[in-house]
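This report concerns only the one structure given below.
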Amino acid sequence: MGFYKVTYSAEYRRATVHNTGCNFRCLGCAYKLTGRPTPGRMLSLNEIRAGLSALEIDRVHLMGGEPTTNPQLPEVLRFCKDGLRVRTYLGHTNGSRLITENLHGTNVSLKAFSPEKHLEYTGHPREPVYDNFRAAFGAGLEMKASCVYIPEYIAEDEIAGMADFVASVDPAIPFHIMGYIPVPGAMWRRPMEDEMAAIVALARERLETVGFSHLTPEQALDLTARDDRFKVVQVL
Ligand code: SF4
């Protein structure tokens, strides 16, 4: 578990520090499709600090697995904010250990709304996630939320619950719905076009800014073909 790679987008003046390791065990985790990274070694704090210092950047994203499980995270955030004076974001977090210090914004991947389904799907209680989300907004972080729509499992009632929760924090918080991409070992299917449209409409009744993606497994394995934000070079 640790930070193992740094990538860079000159166009977006952004570095991304990649973590491996997660505290959740989501039944539909996309790593079951792509495979978890198997880095040869982890980066030291000195390597990360030197690597980031050499780049022309305005922002640093931390992501991969669950970045808040990484004990190096607080120091990397502190260095980015105080040392480099750039903006800091968690590209994705499950929200269970969300921190706010030296962080400008975060995208929280909500998994389920009902406590029973959250526990079943992730192996962890939902309360810390929702409490942390509200607290982070209260602390002034730029918040985004996302979820995965799984027909007949994380379906209408769960998506509505998550959207209602985000709206109760602030209906202007951007919300992104991903159509489930089938992974090995899980029984669910990919949503159909009309189901995806209906679930997006349901969320748009509750929130001001709702986006979505509905990728095939092949598209998910080559994100650079659809979004130039994924066109990066590895610098460490
Ligand atoms: S929180 Fe994300 S990385 Fe961790 S198991 Fe769940 S889907 Fe996978």
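The values are calculated or read from the model by the stated rules, or taken from the named source; none is laboratory data. Fair warning: this is a prediction, and the values are worked out from it, not measured in the lab. All Cβ positions, even for glycine, are placed from backbone atoms using ideal geometry, and neighbour counts span all protein chains on display.
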Discussion item. Which count do you get for residues in region 224-236 that are more than 15 Å from Gly64 (Cα to Cα) and at pLDDT below 80?
Written reply: 6
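Report yes if Ala112 is in contact with an Asp or Glu (Cβ under 6 Å, 6 or more places away or on another chain) and surrounded by 18 or more Cβ atoms within 10 Å (Cβ to Cβ), otherwise no.
Working: in contact with an Asp or Glu (Cβ under 6 Å, 6 or more places away or on another chain): yes; surrounded by 18 or more Cβ atoms within 10 Å (Cβ to Cβ): yes.
In short, yes.
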Worksheet item: Does any residue in region 57-72 that is on the phi < 0 side of the Ramachandran plot come within less than 6 Å, Cβ to Cβ, of a residue that is part of a strand (DSSP E or B) and among the aliphatic types (A, V, I, L, M) six or more places away or on a different chain, and which pairs are these?
Response: Ile57/Ala15; Val60/Ala15; Leu62/Val17; Leu62/Leu90; Pro67/Leu90
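Pick out the one residue from Pro191, Pro128, Pro174 that is within 16 Å of the ligand (Cβ to nearest atom) and not acidic (Asp, Glu).
Matching residue, one of Pro191, Pro128, Pro174: Pro128.
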Response to the item:
If we take region 1-120, then helices (runs of 4 or more DSSP H) inside it with 3 or more residues that are away from the ligand (no atom under 14 Å from the Cβ) and touching a helix residue (DSSP H, G or I) at 6+ places or on another chain (Cβ under 7 Å) are 45-53, 73-78
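Test Val60 against the stated conditions and say whether it is at pLDDT 95 or above, more than 17 Å from Ser168 (Cα to Cα), crowded, with 21+ Cβ neighbours inside 10 Å and touching a Lys or Arg at 6+ places or on another chain (Cβ under 8 Å).
Numbers: at pLDDT 95 or above: yes; more than 17 Å from Ser168 (Cα to Cα): yes; crowded, with 21+ Cβ neighbours inside 10 Å: yes; touching a Lys or Arg at 6+ places or on another chain (Cβ under 8 Å): yes.
Considered against the rule, which asks whether it is at pLDDT 95 or above, more than 17 Å from Ser168 (Cα to Cα), crowded, with 21+ Cβ neighbours inside 10 Å and touching a Lys or Arg at 6+ places or on another chain (Cβ under 8 Å), Val60 comes out as yes.
Quick one: which of Ala15, Ala30 is closer than 30 Å to Pro191 by Cβ, touching a residue at least 24 places away in the same chain (Cβ under 8 Å) and either surrounded by 13 or more Cβ atoms within 10 Å (Cβ to Cβ) or more than 20 Å from the chain's Cα centre (by Cα) (or both)?
Numbers: Ala15 fails: closer than 30 Å to Pro191 by Cβ.
Going through Ala15, Ala30 in turn, the sole match is Ala30.
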Discussion item. Quick test of your reading of the structure: Ala155 fulfils all but one of (1) more than 18 Å from His92 (Cα to Cα); (2) surrounded by 21 or more Cβ atoms within 10 Å (Cβ to Cβ). Name the failing condition by number.
Written reply: (2)
